[in-house]
1. Collect the residues in the stretch 13-63 that are exposed (fewer than 12 other Cβ atoms within 10 Å of the Cβ), without any contact (Cβ under 8 Å) to a residue 24 or more places away in the chain and over 24 Å from the mean Cα position of the chain (by Cα), keeping them in residue-number order.
2. Can you give me the number of residues within the stretch 200-241 that are farther than 22 Å from residue 113 by Cα, away from the ligand (no atom under 16 Å from the Cβ) and either among the β-branched types (Val, Ile, Thr) or touching a strand residue (DSSP E or B) at 6+ places or on another chain (Cβ under 6 Å) (or both)?
3. Within the stretch 106-120, take every residue that is surrounded by fewer than 24 Cβ atoms within 10 Å (Cβ to Cβ) and in contact (Cβ under 8 Å) with a residue 60 or more places away in the chain and give me the one that is farthest from residue 191 (Cα to Cα).
4. Looking at (1) in a helix (DSSP H, G or I); (2) in the same structural domain as residue 124 (by TED's automatic domain parsing); (3) without any contact (Cβ under 8 Å) to a residue 24 or more places away in the chain, which is the one condition that is false for residue 308?
5. Could you tell me whether any residue of the stretch 149-161 is polar (S, T, N, Q), away from the ligand (no atom under 16 Å from the Cβ), buried (at least 17 other Cβ atoms within 10 Å of the Cβ) and modelled with pLDDT of 90 or more?
6. Looking at 82, 123, 71, which one is among the basic types (Lys, Arg) and surrounded by 17 or more Cβ atoms within 10 Å (Cβ to Cβ)?
7. With (1) over 26 Å from residue 257 (Cβ atoms); (2) buried (at least 21 other Cβ atoms within 10 Å of the Cβ); (3) not small (Gly, Ala, Ser); (4) not assigned by TED's automatic domain parsing to the domain that holds residue 389 as the list, and residue 301 as the residue in question, which single condition is left unmet?
8. So which strands (runs of 3 or more DSSP E) stay within the stretch 338-427 end to end and still have 2 or more residues that are touching a Cys at 6+ places or on another chain (Cβ under 6 Å) and either farther than 16 Å from residue 50 by Cβ or among the polar types (S, T, N, Q) (or both)?
Amino acid sequence: MTDLYDRHKAVLPDWLALYYRRPIEITHGEGRHVWDAEGRKYLDFFGGILTTMTAHALPEVTKAVAEQAGRIIHSSTLYLNRPMVDLAERVAALSGIPDARVFFTTSGTEANDAALLLATAHRRSNQILAMRNSYHGRSFTAVGITGNASWSPTSLSPLQTLYVHGGVRSRGPYAALSDAEFTAACVADLRDMLGQGRGGVAALIAEPIQGVGGFTSPPDGLYAAFKEVLDEHGILWISDEVQTGWGRTGEHFWGWQAHAASGPPDILTFAKGIGNGMSIGGVVARAEVMNGLDANSISTFGGSPVTMAAGLANLTYLLEHDLQGNARRVGGLLIERLRAVCAQAPAVREVRGRGLMIGVELVDPGTGGPDPRAAAAVLEAARERGLLLGKGGGHDTSVLRVAPPLSLTVAEAEEGASILEEALRSA
Ligand code: PLP
């Protein structure tokens, strides 16, 4: 019997967003499965937390980590290491950003902080546009631009943030609009905000599909329409690809490509999946923006050889096995299967998503409003049956999030959908 449950409360903060009445102690994993300290096996439909991008304990990544750790773990950021430059070249080429430079960090939060630093320095302004209901990380700066109040524990911020409509479609004044009307309304909102004469704005930061915000996608092309307005003012566009990057959405390698008429963003941030669980984050920007800082800067552990070796092996596996294509194919089947399952469940309002980034939104069938308690009950019921799921935050705590490793097989997709069906029935 694990004793961690009794011990953790005495040493860890109360605000840690742990799942389950008795949080699980995970001990090991393989492929799309993990095991707990009591020997129970689970199908991991949340891929860690969208971090296990290819597979748990992928031999290629484990080997690369062991070999690199056997040579040297950390040499200092003051010297070069080969895996860092190799990975920077690969990421720069994949980013779509011309004349791209890459700066590695150790988390998505730090990647967004770095992006904000670059944008504010480039534009000499501390005003930022962010999306309502967004989530960008845990640091003082990142929570300050996070629109999702339940993940933003302070209203103080070193930046002046203005929140724009567009990330969420299912509620608010624009809920009943068509795609074209919604896009036009959001663009008008943005224009109105910029027309209020607040002075220069540095950047708009946005998740192409909101992650913590319940896997809600804006209409394709929304950010291309925004970009036209931003360009009129010289405002930079930061695409936070921490959840949407590396082919997870199936159709596109990056989330911004659903808005490709705009061309690439000025700045792109990434993290989560690239390290397959090793702590890699980073920011990509064209040289003019990246090189705009006047002072020296480092990330002591960003670009560390062991994590970079993991990232290289993981990315190579992803590309050689066309896991983006697998996310499109298996994700397409899974969405269909979940829609069929959920058609019989009065508590499900919508199954939505792209590739292997799928949201199942639960409502109270009586009121039609969000039902976070139902989502918590389904999570528990699925866990009892051997399936791990995620859920959203704030207003979207009633959204179940499905984001397994991109190597998910058809049989595993079927198995997970069947367990979810039983969990919905029993919860
Ligand atoms: N940006 C987005 C879109 C995220 O979903 C997250 C984490 O969930 C972050 C940034 C912060 O990343 P990290 O937890 O690695 O700091």
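The values are calculated or read from the model by the stated rules, or taken from the named source; none is laboratory data. Nothing here was measured: the structure is a model prediction, and the numbers come from that model. Ideal geometry is used to build each Cβ from the backbone, glycine not excepted, and the neighbour counts take in all protein chains shown.
1. Those that are exposed (fewer than 12 other Cβ atoms within 10 Å of the Cβ), without any contact (Cβ under 8 Å) to a residue 24 or more places away in the chain and over 24 Å from the mean Cα position of the chain (by Cα): 39, 59.
2. Going through the stretch 200-241 one residue at a time, the tally reaches 1.
3. Among them, the one singled out is 106.
4. Exception for residue 308: condition (3).
5. No, that holds for no residue.
6. Values: 82 fails: surrounded by 17 or more Cβ atoms within 10 Å (Cβ to Cβ); 71 fails: surrounded by 17 or more Cβ atoms within 10 Å (Cβ to Cβ).
From the options 82, 123, 71, the qualifying one is 123.
7. (2)
8. Filter on the stretch 338-427 gives 348-354.
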